[in-house]
Each structure stands twice: as structure tokens, then as C-alpha cells.
Amino acid sequence: MVIARLIHRAALALALAGGLVLVAMTLLTVASITGRGLIWLGLGPVPGTYELIEMGGAFAVFSFLPWCQLQRGHVTVDLFMERLGRRANLIVDVLANLLLTLAAAVILWRLWLGLMDKARYGETSFILGIPLWIGYSAAALGAVLFVAVSALTMVQSLQALSGRAAEGDGR
Amino acid sequence: MSGIDLGLLSFPVLMLLIFLRIPIGLAMLLIGFFGVWSVTGSSRAILAQLKSVPYDTFSSYSLSIIPLFLLMGQFATRGGMSKVLFEAAAAWIGHRRGGVAMASVGACAAFGAICGSSLATAATMGQVALPELKRYGYSGSLSTGCLAAGGTLGILIPPSVILVIYAILAEQNIAKLFIAALLPGLLAALGYILAIALYVRLFPDSARQRDAVPSAERWQALAKVWPVLTVFLLVIGGIYAGWFTPTEGAAVGAAGTGLIAWLNGGLDWTGLKESILSTAVSTGMIFFIVLGAAVFNSFLAFSQLPQEAARYVGESGLSPWLVLTIMLLCYLLFGCIMDSLSMILLTIPIFFPMAMALDFGMSAEETALWFGILVLIVVEVGLITPPVGMNLFVINSLSDGVPIGQTYRGAFPFILSDFIRVVILVLFPGITLFLVTALY
């Protein structure tokens, strides 16, 4: 399915982007600490590291969510369900993925309204004066894809339930 | 229905959803959402909160320590450090009875000092140590048991992801918690080594002996360990000395292990990509649970349950030690079916105020540190208790063909060692608090 492949590729790309931001955060921090340590040489900490870490962290975590769901990385307790047989499990999968899609949609909806708030009141970060809506927008990328991935996993589990998916990730 | 009733009712409903195999983070999110809705009588409060809660949680400076520590652990697994550590430990104690298993535990402890996650420690050390254990005729149950238990040292010995979460929930100093975890972590390694020593004397067939290594080679093997030692001292020492915040410390650690991995040739683009993707899955998993817990806990706060429970326990006149014992037993019980992070996030908002309302004859901060370390240990026991001990599964899947029943049995001596250690640490809070008092 073209859409499934597209979503998969987008989630992979976004997760890698989030990871590279994480790596950039470590380098920024090391540079800032080094600067702070060498203050007697006329160097200094990188200004605004704190808020850059916050924005970068939000982007990274939101970007990781779709990939995590695609890899079925969320923690579940497999204790009683395995005894209930295949059909009951498939039904629960559909239900869980449906609920997750709804939750992801609510998260996106509220994040969007939060973004509008930040844009309307023109809130900026403390030191560098970066508008906060920028951080929210970067996070929204992950939130949008999270909805898409959850919906995809729901469709896949529905297909598995109706017996149409012979193989693939719909368990 | 009053808020308290709703709060009490939420737990069985939550358990039901979790047993239906709804992801734990999602279950907490849903119940928190509808919980606040019913307590406040409208959807307005919770919807207003959700405009900022996900972004604020994910952008939290103190929580950003978690992806950084996870990345550090990923780099550490790619840097060939596990092999170096195992060879050094085996050179020194490998020739003793059960020595190769003891060396595995020792190497796990050392690896735990640069890795904040149990599963990563178990998986990494398992890959290195399992073939060696097999080569020297160690039985399947002893090999898998000692590595599953050794893996828990990843979390017990700082840095530790779970301790970071506890510190944030309980509003405690992360640096002090890391220091407090150090002696109990070393005690854990010692306890596991003793368990192995007893085991191989009771069952002499379970291990063959290895030849001793000449002392020159021993020192050579030990000398190769210096990068691990440097990174550990820099991260923990730097956080303790106040050179940098814990989050900065995690970044320094990630950069340090990244550099080691790169110099050892383990961090080309493919290696970096795999590190990032593993970090992404673990981070996504952890933060989704943290988000669910944030919403669930705001519901609990609305319901007044934590305050009431603490007041009730404080005024009940029950012995503090009895209450503590019951709480720790609860963790052991839950640990059989739940993962450590979810347990901490679910229980600390209720158990922590309770523990603080009790009088153990210590200052509030001392009680908080000591309680945190005790909880850390009992939730980690959950990783090696059947039927849902994640470390057991990880190690078992790495061993070729050890039946899971043997792994379950192999974990038993180590679970026993954990129990004894918990009792010792409960009876002697000084062991946990000694370094904190001495250093601060």
C-alpha cells in the first residue's frame, strides 16, 4: 500500500531528524560547558542553551512517537490475553489502536490550539527571544504523524481481524 | 460520587484496561482524562490543560536527561566497552569457582555505570558473556540467571533513568539520589557474586574452572577500561561537584561514549542510525507513559486521594515499618506483571506522601532519598521475577536454546539475594545515606 509505505518513510525520516537534533543538543551542551569552564580565557557559555535544549527536546520526543508506535514499542502487559485466543486479541488490538488514534487526535487538536495561543500573545523565550509558537510548530510535525501512524496501525489491525492481511505488521 | 471514591475506583478500571493489553500510557491517559472530567463536572478543565501539558512535559529540561542517557547507553553498547569490561573482570576473577559468572556480574556493574537502562545492560553484556559462559561449561540456568540479574545493575548503579523519574515526582535532588544509589548498587553486585559462589558449591556440575591469567596480562586488561572509568567519573563527579546540571551531565556522557564508539569504529552512519532509532523507540515509549501519568496524576490530585491517603496513614497509628513493608511487598507483587517505569509513575504520587507522613526518625530529605533507593531496588526485582520479567526474556532470547523454565530457575538465587539486600537496607538506612552525608 502506497500510503502505508509513505507513512513509514516519513516516520523513519522524522525519527532520524529528532535523533540528529538530540545529538546537536549534546554538542551544544558540551560547547556551552567548555565555554563556561574557560571563562578566564574570555570565553563563556552559549547563551540560551537551556531554552534551546527545551525546544530541541520537545521536537525530538514528538518526532520519536510515530516511530515508536510503528515499531509497536508501547508497553503492554501480556499476561491474560494470550490465553484468550487469536480473535479476542485481534479485537483488543483494533480497540487499543482506535483509542490511541483518538488520543493522538486530541493531543494534536489541543497542541494546535496551544500553538495559536502562543502566536496570538506573542510569547517568546526568555534569553534568545525565540517565539514559542516555533517550538510548538516543530512539535506539531510529530503530532500530525503520530495521528497518521496510529490510524494506519488501526487499519492494519482491522485488516488482520477481517483476515485480509496475510502478512505484514497488523498482528 | 466523591472525588476520593472516583480516585479509588480508577485503580481497578486501570488494571482492567492494562490486562486487556491496552498500552499502559494510553490507559493512564484515558482514565486521567475522563477522571478529571467527572471530578470537575465538565470537560473544560482537562481540555484547557491539554493545550500545554504534552508540550510542557516533552520540553521539560529535567526530563530531557532521559533521551540523553538513553543515547549514551546506545553509544556505550556500540563502543566495544562491554567486551573490554568483561575481559578485564574475567582476567581478575575468572579462574575462581563460578568466576566467569562473577566476572559477568562485575562487568554488568561497570557497564551500568555508563548506561542508565537495565534492558540495554542485559542485552549488551549478554551478547558478550553468554558465549564465554557456554565455553567454560556453565549451565544454562546459571548463565542466563546471572546475566538477567546483572542487567538490573544498569539501573541500580547510577546513572539511572528510573531514579531521574523518581527525583522529578518526589521533587528531590537528582545528584544526591545518584550518590545515595552508589553503595546499594555495589552491595547488589557483591550480593550477586556471593549468590554465584554459593550456587557453584551447591551444584558443582554447573560450572567448569578456567585457568588463571598471569598478572601482567591482568593489568593490561584492566588498563583498557580507562575510557569507561573516565566517562563515569566525569558524568557523576561533574554532577556531584556542581560543574554541570544532571541534564548537562547526561549530554557530556552521551558525547563521551559517542566519542569512544566513534574512535573504536562503531559509530559510522549505520551505527548512528541504529543508535538513534533504538533511542527513539525507548524514548517514545517512556515519554508516552510519562504523559499518561501526568494526566492521570492531575486527576488524582483533583480527587484528593493522595492527600487523604497520606493523612489517613499518618493518623492511623500504624507502625511506620509495617506500612513500609506493605508498600515494598506491593511493589514486589506488581513487579511480577508490570514494568518498573509504569509502577513508579503510578504509585509514587500516592506512596511518597504516605512514606513522608510516617516517622522513621530521619529528616524529611533523608527519608525521601532512602525511600527512593528502596523503591528503585524492589521495582528492579520485578525485572527478574517470572512470569513477566523483561530481563529474563531478553537474556533467554540471546542464549541459543536455553528453555525459559531454566532461566526462571536460574534467577531464583539472585531474587533471594535481592530480598536479603532489601531487608539489610531497610534495617540500616545508614548504608544508603552514608555517602550523601559524607559528601554534602
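The values are calculated or read from the model by the stated rules, or taken from the named source; none is laboratory data. Given the structure is predicted, the values throughout are model-derived calculations rather than measurements. Neighbour counts run over all protein chains shown; Cβ positions are idealised from the backbone, glycine included. Side chains are part of the model used for accessible areas, which takes the heavy atoms of the whole protein and leaves out ligands, DNA and RNA. Shrake-Rupley method; radii C 1.70, N 1.55, O 1.52, S 1.80 Å.
For the peptides A:102-112, A:36-46, B:187-197, the ranking by mean Cβ contacts within 10 Å, running from highest to lowest, is B:187-197, A:102-112, A:36-46. Using the Cβ-Cβ distance between A:Ala88 and B:Leu8 with R0 set to 35 Å, the FRET efficiency from 1/(1 + (r/R0)^6) comes to roughly 0.75.
Listed by chain and number, the aspartates and glutamates placed with their C-alpha closer than 18 angstrom to that of B:Lys224 are B:Glu87; residues fewer than eight positions away on the same chain are left out. For B:Gln220 and B:Asp268, the difference between the fully extended length at 0.36 nm per residue and the C-alpha to C-alpha distance is 14.5 nm.
For chain B, the fraction of 1.4 Å probe accessible surface lying on carbon and sulfur atoms is 68 percent.
Rounded to the nearest 20, the Cβ-based charge dipole of the protein assembly as shown about its Cα centre (Lys and Arg +1, Asp and Glu -1) stands at 1100 debye. Backbone amide hydrogens, once placed in the peptide plane, bring A:Thr124 within less than 5 Å of A:Leu132, excluding anything fewer than 5 places away on its chain.
With a simple spin-label model that places each label point 7 Å from the Cα along the Cα-to-Cβ direction, the separation between B:Ile404 and B:Ala301 comes to 4.0 nm.
Between A:Arg72 and A:Ser137, the contour length at 0.36 nm per residue exceeds the alpha carbon distance by 20.8 nm. Counting Cβ atoms of other protein chains within 10 Å of each Cβ in A:62-72 and taking the mean gives 6. Computed over chain A, the per-residue total of -39500 (n - 2.57) for DSSP H runs of n ≥ 4 gives a 222 nm mean residue ellipticity of -26500 deg cm²/dmol, rounded to 500.
Our estimate of slack between B:Gln127 and B:Leu194, defined as 0.36 nm per intervening residue step minus the Cα-Cα distance, is 21.8 nm. Distance from the C-alpha centroid of the stretch B:247-293 to that of the stretch B:1-80: 23 Å, rounded to the whole angstrom.
Post the alpha-carbon centroid distance, the stretch B:397-440 to the stretch A:1-70, in whole angstrom. Here the two parts' Cα centres lie 35 Å apart. Once the 1.4 Å probe is applied to the protein heavy atoms, the protein assembly as shown comes out at 41 Å² accessible per residue.
The equivalent ellipsoid of chain B has semi-axes of 37, 24, 21 Å, largest first, where each one is the square root of 5 times an eigenvalue of the Cα gyration tensor. What do you get for the angle between helix A:49-70 and the principal long axis of chain A? Use alpha-carbon atoms, 0 to 90 degrees, nearest ten. Taking Cα atoms only, the helix is inclined about 10 degrees.
Which FRET efficiency, nearest 0.05, do B:Ser42 and B:Met356 yield, Cβ-Cβ r, R0 25 Å? It comes to 0.15.
Pairing the Cα long axis of helix B:246-263 with the longest principal axis of chain B, what angle in degrees results, from 0 to 90 and rounded to the nearest 10? Computed tilt is about 30 degrees. For the chain pair A and B, the interface hides roughly 4800 square angstrom of accessible area in total, found with a 1.4 Å probe. Ranked by the mean number of other Cβ atoms within 10 Å of their residues, highest first, the peptides B:103-114, B:404-415, B:309-320, B:289-300 fall in the order B:103-114, B:289-300, B:404-415, B:309-320. Between 0 and 90 degrees, rounded to the nearest ten: what's the tilt of helix B:81-93 against the longest Cα principal axis of chain B? In chain B, helix B:81-93 runs at an angle near 60 degrees to the longest axis. Neighbouring Cβ atoms from other chains, within 10 Å of the Cβ of residues in A:112-119, number 3 on average. Each stretch of four or more DSSP H residues adds -39500 (n - 2.57); spread over every residue of chain B, this sum gives -25500 deg cm²/dmol at 222 nm. Inter-chain neighbour count for B:384-391: the average number of beta-carbon atoms from partner chains within 10 Å of each residue's beta-carbon is 1.
Between B:Asn173 and B:Phe19, the simple label model (points 7 Å from Cα in the Cβ direction) yields a spacing of 4.4 nm.
What a 1.4 Å probe finds exposed on the stretch A:70-171 is 64% carbon and sulfur by accessible area, rounded to a whole percent. Each other residue within a Cβ distance under 15 Å of B:Leu153 adds +1 if Lys or Arg and -1 if Asp or Glu, for a net charge of -1.
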